[in-house]
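Structure first, commentary second.
The values are calculated or read from the model by the stated rules, or taken from the named source; none is laboratory data. Being a predicted model, the structure only gives us computed values, none of them experimental. Quick reminder, even Gly has a Cβ in these numbers, built from the backbone with ideal geometry, and neighbours come from all protein chains shown. Note: accessible area is taken over every heavy atom of the protein model, side chains too, but ligands, DNA and RNA are not part of it. Shrake-Rupley method; radii C 1.70, N 1.55, O 1.52, S 1.80 Å.
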Amino acid sequence: LDSQNRETIEKWEQEEKEKWEEEVYRSFDSATGDLLESERRADDLDNLDALADGEVQAPEEVEEASPQVVKPEEPIWTAEELADTEEYVPDVRDNPGKIGLRFTERPRPGVPVRDRGRKPAPFPKEAPKTELPPMLAGDEREEDENDPVWLKDKGDQLIVRGDYTGAYNAYTEALKLASNARCFANRALTSLYLGNFEQCLEDCNRSIQILDFRNKPRNGELHHSADPEDEKVRARVEIRMGVAFLWLGAFKKAEAHFEKALSTEGLDAEEIKQVRQDLERVQSAYSALKVKDQADQSLRQGDEEAVEKALELYGQADFATKQECAVVMANRCLAHLQTSQLQQCLEDASMALSALKRWPVARSIKKPKRPTRLDPPYLDDPTFVHPDKQNQGEREWLMKHNGGNAKELPGLPDEYEWIKDVAEKNENAWIAVKKRMSKVTFDAIKRATAELQDALYTRQPEVIRQQMEVAKDQNKVGEGPSSKAILQAEDYAKKLEDYAKEQEAQREHEEEELRQEAAELDLTEALVPSRAGRSQAGFASSHPLQRSRKRLFVKILLRRARAYELLGQRDASLEDLRAVLKVEPENREAQQRCAMLQQQLNPQEDVTETDPALSTSPEETMGPEGPEGPEGPEPLTGQGPSGPSGTELEDEDEGVDHASTTQLISSAAEYIQRGDYASALQIYSYACRTCRSWESPVVELKVLSNTSLCLQNLRGRLPELVQACNDTLRRIREIREDGWQDELFLLRIEAACLSRRGSAYEQQRKKEESAEDAARVKELLGKIAEVEAVP
């Protein structure tokens, strides 16, 4: 539109120009160049006509000859004259063209007004003064929401304050404008804190791809070393990928990424030491996982010999993990409870709770300190003299002497010697000049100075001091570094030793703070679900790590409460049950046992108006217990998600603490309502394995159908989904053969299973099988409509 308008306007201007040029040239004589008389008279007549009509002003001589004086108080035009005047309206052009208007474009419509560079964010209201570097603290430049660097800095500020969602959004907006490896790495960290492990892994892979592309040599170029800053980013990205895989339960992948982080050059000595320790803990946890699985299988058998074997295996797993795995301790607590070893059960429960306190938490990120410049100094080199300092106020000779022979010359300092003065006519003229070192001595001093400089680059005080002793011996024979260079090396070694002591003291202080924080942590208060709109420090309640921690905490307290109850300590048991209800208000087992204990402690109290579910007997409440329920992988203990730490054991195919099959199925239904299909699938699978006789075919078919529903909502489980649907359809045929009367229920279950199997076939690109199931589903839906229409 703009181009078309511009072309139209240029065309109009060109036409007007050509018209006036032609008219002007026509008014002059082409031979002499004078204005034609006819044109002059025509111009004069035009001017007179225009003057009479009031369109142009009269000539200057007319104005001077007849001036008109107008009084200030009288108007120039009267109302009658104005009434007779007609407004001039130009004619409409034949080809008006198109007019384009540019409206104001609102920059970044998805960003709130307060974040568009004019108003600061409302969190916090009064930002305190900070000593952060400019990248995190902000600088004096104008805020611009279209600047990816400003958005990345904004995300850094938010993640330091603990606003992980805001930081994720800021990094996302920055990446929409420009792709950056550091921005992807930081967004991966926010995803790790928010519990989105898949997004974390994706961002880490994107960051590594950008770094690989940057370091890839172009055609015809030699391979060059990577940027040290890029290597630091690569090392941290590999560690974050390792932590994400670790929390997902993929031990081998986590181990591989930790090894990649160690192979980079982006970690300092202390970080390498920490990552190696974490790698060893991951490897020991993976080896202990197999032992724990064997112990779980023995514990499920239930007989006394199998339980004793399970206790022995749990002890081996606990030793391998250095008593850091809460799941192993919780399962051993259950084994001691089944064998009536109540004191050992209480000890294991307390140890498991202590291990839970050391699980990773989302602590506030500490402000980065300015790097301490401990770069080695450049040593003094006596073989090199700067060109700017040569022959500036420095004499190459010391004194002159006339007469006498070489034996009669006065003594000189060690660095001077007598030579013949060729500038004098006297044959016995001498001059004292500086000694010239030989080529061998020159190369020896230069080589010794370079060796001492290389020792400084190692930043290891022991290596530097060993090389200093060698340099001193070389200096005695005149082939070593200068005394000034040796003093420089000694000062640098002392600085390194002092810095190492400071770092060690700081590390011990941080570890002491972590131990004190773990000792003072109240798990009950930390796991209580927060109200909507209420801010809460640490991981959100929906974080996978927090959900696993909560489930394991509840089971440990239930087992310890049962041990207290058997020991006759009802008050302690009641306290643990109330803690469970505080964390999980809907826990039916805790409600039932708590009501029973309250009735025993207060026999006169009327409990008839409580929940009907609380009226069950203690025997029905307890039921047979098995190892841990459908937990996710236990996270590592340690400092938090910024680095790997601790041991993590998966807890798969474990029993649950419910009173009956009905309670078991209702618990799985609650997981489905929450969207936790993996946990619901584990419960249904356990129910199918352990339940030999069902209350009714309806319950059995519901379990089989819900199993296929869970598999449908999980990725990568298509073969299992097809098998589950086939088992359900086979069971429906058997029930029909037995003469089941509720045909409508069977039709609905059959239609649902065929629909799910057809969807699985479609994803597996089995077109014929999928079409057959779709046709069968349409047929069943017609039968269902007919059955429902029958009165």
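Of note:
- Qualifying residue in region 437-447 (condition: of a type outside the set (D, E) and part of a loop (DSSP other than H, G, I, E, B)): yes
- Only residues that are under 20 Å from I749 (Cβ atoms) and either open to solvent by less than 50 Å² (accessible area, probe 1.4 Å) or among the small types (G, A, S) (or both) were counted in region 689-720, giving 17.
- Flag: A485 matches the condition of being touching a Leu at 6+ places or on another chain (Cβ under 6 Å), in contact (Cβ under 8 Å) with a residue 12 or more places away in the chain and among the aliphatic types (A, V, I, L, M).
- Of all residues in region 244-275, those being of a type in the set (A, V, I, L, M), closer than 18 Å to G195 by Cα and within 18 Å of the chain's Cα centre (by Cα) number 4.
- Checked against (1) touching a residue at least 60 places away in the same chain (Cβ under 8 Å); (2) within 27 Å of the chain's Cα centre (by Cα); (3) open to solvent by 20 Å² or more (accessible area, probe 1.4 Å), V282 passes all but a single condition, namely (3).
- Condition broken by A306, with the remaining ones in (1) crowded, with 19+ Cβ neighbours inside 10 Å; (2) touching a helix residue (DSSP H, G or I) at 6+ places or on another chain (Cβ under 6 Å); (3) of a type in the set (A, V, I, L, M) satisfied: (1)
- Subset of region 460-493 that is open to solvent by 40 Å² or more (accessible area, probe 1.4 Å), within 16 Å of T383 (Cα to Cα) and assigned to a helix (DSSP H, G or I) - its residue that is modelled with the lowest pLDDT: N475
- Test result for A178, free of Cβ contacts under 8 Å to residues at least 60 places away in the same chain, crowded, with 24+ Cβ neighbours inside 10 Å, of a type in the set (G, A, S) and more than 19 Å from A250 (Cβ to Cβ): no
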